[in-house]
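Take a look at the structure below.
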Amino acid sequence: MMYRLSAYRQLQKRASSSHLNWITLFDSRRSNHTLSFATVKAEEVSGSQPAEVHNLVQGKWTKSSSWNTILDPLNGQPFIKVAEVNESELQPFVESLSKCPKHGLHNPFKAPERYLMLGDVSTKAAHALGLPEVSDFFAKLIQRVSPKSYQQALVEVLVTQKFLENFCGDQVRFLARSFAVPGNHLGQQSHGFRWPYGPVAVIAPFNFPLEIPLLQLMGALYMGNKPVLKVDSKVCIVMEQMLRLLHECGLPVDDVDFINSDGKTMNKLLVEAKPRMTLFTGSSRVAEKLADDLSGRVKLEDAGFDWKILGPDVNEVDYVAWVCDQDAYACSGQKCSAESILFMHENWSKSSLLDKMTELAARRKLDDLTIGPVLTVTTETMLDHAKKLLQIPGSRLLFGGEALQNHSIPKIYGAIKPTAIFVPLEEILKDEHYPLVTKEIFGPFQVVTEYKDNQLPLVLDALEKMHAHLTAAVVSNDILFLQKVIGNSVNGTTYAGLRARTTGAPQNHWFGPAGDPRGAGIGTPEAIKLVWSCHREIIYDVGPMPLGWKVPAST
């Protein structure tokens, strides 16, 4: 505790000096204003200058006995070496988590100064990400490992910055706000507290290399937990650099462990270290395995086959077409919130919507990364899926369905044009077709269908049969239509109204699935408290004793 208090006082001392002194992130002694926390330059990471990613355990950056070489998704060159921990090297990570008690690094009765310390860290980190040089660094680093347009990468950085701004100062300790209820007699009161789990784990995917792991990591820390962080090795360099920035902003170096490993090794760590809670963002298959292996001590933000329904009122066709294009194909469709299926009322199919969507999809090109490599699904897999869909009676290709040409993307990744395939609603609902149509393809791929007024119950049946309930959109300003669809669906983050979308969640609202008690949220105080703390009730009963009290008869 004295170490924690000392760290916090050091932060206070630094903050009391000039504003620039405690947030200066550049070493002016070097040329080109090198970022003092960074160990790489985003533009220079290449096959000729490969970067290295290390592990962090018990406050020390370490290497491992073997390296995993990551290929540049744009040209196939080996451009990042990741020090991956093998099963024989797990003990320091197991020991590190075991040192954290179940009651956490802090809680409302223990080391409350840490709430303030983490508020200060958030303040400094938010300010840092607001500096153009720093935000540009992270945006370009994201682009290198998870290719997307610069604007999409920069938005990820800015959303992360806004999240940190939301938890500056006293906002961290407000997350641990308690309540009291009067008791049955004088001296008795019950108090409800938010309590940490202690040792926890965060497992984050490749598609948002900064936003998802950073938001969940900070939520875990805010509530008093000691996390071990595992990010997909293809993109882990982004969070490695962010952790170095957090350390420069005052986060104690032993508050977080950072491990790089394959899935099997990480699974072994979780089984041996027995974290009290594990947050997993990724595929449903892995999520279910973790739920079994960890006896249900998980929170999941898994796959999403996300739907959008266009209601009967046709308005602002240009805008709706643009949103559909963004929802389905931004980041090459590699968002868990990407539009997977579009249900059009027949009024929309009579409009110019599909023509406009075709034109918008054709604008996307590899040069500016508005379309790019798909990191988890190969070209052959996506084209084969398209071929199978086109064998369904009445199906037709709306646009796309072809591999990208004239590129150097390695074959281990996918590269196809933005694709949309029309499948009749009646065929979708058939048992022999439904699993195929609703298979999530984590790439620039969507299914489109049409319904009439009297077929809305069929659309609702299609939604009911789905297994993943992450995001959804009901595009209509008809309030009765909205009520009907929302009342008969379950997706955790649902947008409603003419401007409804499935993607682009800002930091000011809950993002996460519904319909599953294991569902995890992200972004808001409610999400942080749900995922990273549990309820503890303390009943004070201090008296006084009633006058003349005597031992009663046994009951």
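Could you look at the chain and say what percent of its accessible area is carbon and sulfur, using a 1.4 Å probe and all protein chains? The value for the chain is 53 percent carbon and sulfur by accessible area.
Any chance you could tell me what percent of the C-alpha pair distances in the stretch 307-496 go past 25 Å? Write down the numbers at each step before the final one.
Values: 5674 of 17955 pairs.
Of all Cα-Cα distances in the stretch 307-496, 32 percent exceed 25 Å.
Heavy-atom accessible area with a 1.4 Å probe sorts THR34, THR160, largest first, into THR34, THR160. Other residues with beta-carbon under 15 Å from the beta-carbon of GLN405 carry, at +1 per Lys or Arg and -1 per Asp or Glu, a net charge of +2.
From the P(r) of the stretch 228-348, can you give the percent of Cα pairs sitting at distances over 17 Å? Cα-Cα pairs of the stretch 228-348 separated by over 17 Å account for 69 percent. Taking amide H as placed 1.01 Å from N in the peptide plane, ASP72 has its amide H under 5 Å from the amide H of GLN77, PHE79, each at least 5 places away in sequence or on another chain. Accessible area per residue for the chain is 42 Å², calculated with a 1.4 Å probe on protein heavy atoms, without ligands, DNA or RNA.
Near the amide H of SER149, within less than 5 Å, lie the amide hydrogens of CYS331, all on another chain or at least 5 residues away, with H placed in the peptide plane.
Cross-linked pairs LYS335/LYS452; LYS335/LYS439; LYS365/LYS439; LYS308/LYS417: Cα-Cα separations exceed 19 Å for LYS335/LYS452; LYS365/LYS439; LYS308/LYS417. Available extension along the chain between SER36 and ASN488 is 157.4 nm, counting 0.36 nm per residue and deducting the alpha carbon span.
Charges were assigned to the Cβ only: +1 to each Lys and Arg, -1 to each Asp and Glu. The resulting dipole of the stretch 228-307 about its Cα centre is roughly 220 debye. Here's the picture: charge each Lys and Arg Cβ at +1 and each Asp and Glu Cβ at -1 in the stretch 307-496, and of VAL475, LEU458, ILE392 the one pushed furthest to the positive end of that dipole is ILE392.
Please state the charge dipole magnitude for the chain, taken about the Cα centre, from unit charges on C-beta atoms (+1 on K and R, -1 on D and E), reported in debye and rounded to the nearest 20. Write down the numbers at each step before the final one.
Working: 57 positive and 59 negative charges, 364 e Å.
It works out to roughly 1760 debye.
Residues ASP384, ASP453, ordered by accessible area of protein heavy atoms at a 1.4 angstrom probe radius and largest first, appear as ASP453, ASP384.
In the chain, the longest principal axis of the Cα atoms and the axis of helix 113-130 are about 40 degrees apart.
Note on the chain: dipole from Cβ charges, positive end direction compared against ALA111, TRP307, VAL82; the farthest Cα belongs to ALA111.
The aspartates and glutamates whose alpha-carbon is closer than 20 Å to the alpha-carbon of LYS289, local same-chain residues fewer than 8 away aside, are GLU87, ASP232, ASP262, GLU272, GLU301, ASP302, GLU440, ASP516.
A cut-off under 12 angstrom between Cβ atoms defines the neighbours of LYS350, and their net charge, with Lys, Arg +1 and Asp, Glu -1, is -2.
In the chain, the DSSP-assigned H stretches of four residues or longer account for a calculated mean residue ellipticity at 222 nm of -10500 deg cm²/dmol, using -39500 (n - 2.57) per stretch and the full residue count as denominator.
Put simply, the amide H of TYR451, placed in the peptide plane, has neighbours under 5 Å in MET344, HIS345, GLU346, leaving out anything fewer than 5 places away on its chain. Applying the Karplus relation 6.51 cos²θ - 1.76 cosθ + 1.60 with θ = phi - 60° to the stretch 535-542 yields 3J(HN,Hα) values of 8, 10, 10, 10, 9, 7, 9, 9 Hz, where x marks Gly and Pro.
How much length would be gained if the chain were fully extended between SER349 and GLN405, taking 0.36 nm per residue of separation minus their Cα-Cα distance, in nm to one decimal?
Working: separation 56, 0.36 × 56 = 20.16 nm, distance 3.06 nm.
This chain segment gains 17.1 nm when fully extended.
3J(HN,Hα) along the stretch 351-361: 8, 8, 4, 5, 4, 5, 5, 4, 5, 5, 4 Hz, from the Karplus curve 6.51 cos²θ - 1.76 cosθ + 1.60 with θ = phi - 60°, whole Hz, x for Gly and Pro. Scalar couplings 3J(HN,Hα) for the stretch 368-385, obtained by applying the Karplus form with A = 6.51, B = -1.76, C = 1.60 to θ = phi - 60°, are 10, 6, 6, 9, x, x, 9, 8, 10, 9, 7, 4, 4, 5, 5, 5, 5, 4 Hz; x denotes Gly and Pro. Looking at the chain, the DSSP beta bridges with both ends there are about 40 percent antiparallel.
Straight-distance candidates among the lysines for linking to LYS110, with alpha-carbon spacing under 28 Å and chain neighbours fewer than 8 residues away dropped: LYS13, LYS60, LYS99, LYS102, LYS124, LYS226, LYS230, LYS274, LYS299, LYS529.
For the stretch 174-324, the Cβ-based charge dipole about the Cα centre amounts to some 660 debye (Lys, Arg positive; Asp, Glu negative; other atoms uncharged). Rounded to the nearest 10 degrees, the angle from helix 263-273 to the longest Cα principal axis of the chain is 20 degrees.
Counting only heavy atoms of the protein chains and using a 1.4 Å probe, ASP431 has close to 120 Å² of accessible surface.
Give me the net charge of VAL157's neighbourhood, meaning all other residues with Cβ under 11 Å from the Cβ of VAL157; Lys, Arg count +1, Asp, Glu -1. Spell out each step's value before the answer.
Values: positive: LYS140, LYS162; negative: ASP136, GLU156, GLU211.
Once positives and negatives cancel, what remains is -1.
Where both partners of a DSSP beta bridge lie in the stretch 342-497, what percent of those bridges are antiparallel, to the nearest 5? Write out the running numbers ahead of the final one.
Numbers: 5 of 17 bridges.
Of all bridge pairs located within the stretch 342-497, approximately 30 percent are antiparallel.
The values are calculated or read from the model by the stated rules, or taken from the named source; none is laboratory data. Not measured: the values here are computed from a predicted model. Cβ sites come from the backbone with ideal geometry, for glycine too, and all protein chains shown count toward neighbours. SASA here: full protein model, heavy atoms, side chains in, ligands and nucleic acids out. Shrake-Rupley method; radii C 1.70, N 1.55, O 1.52, S 1.80 Å.
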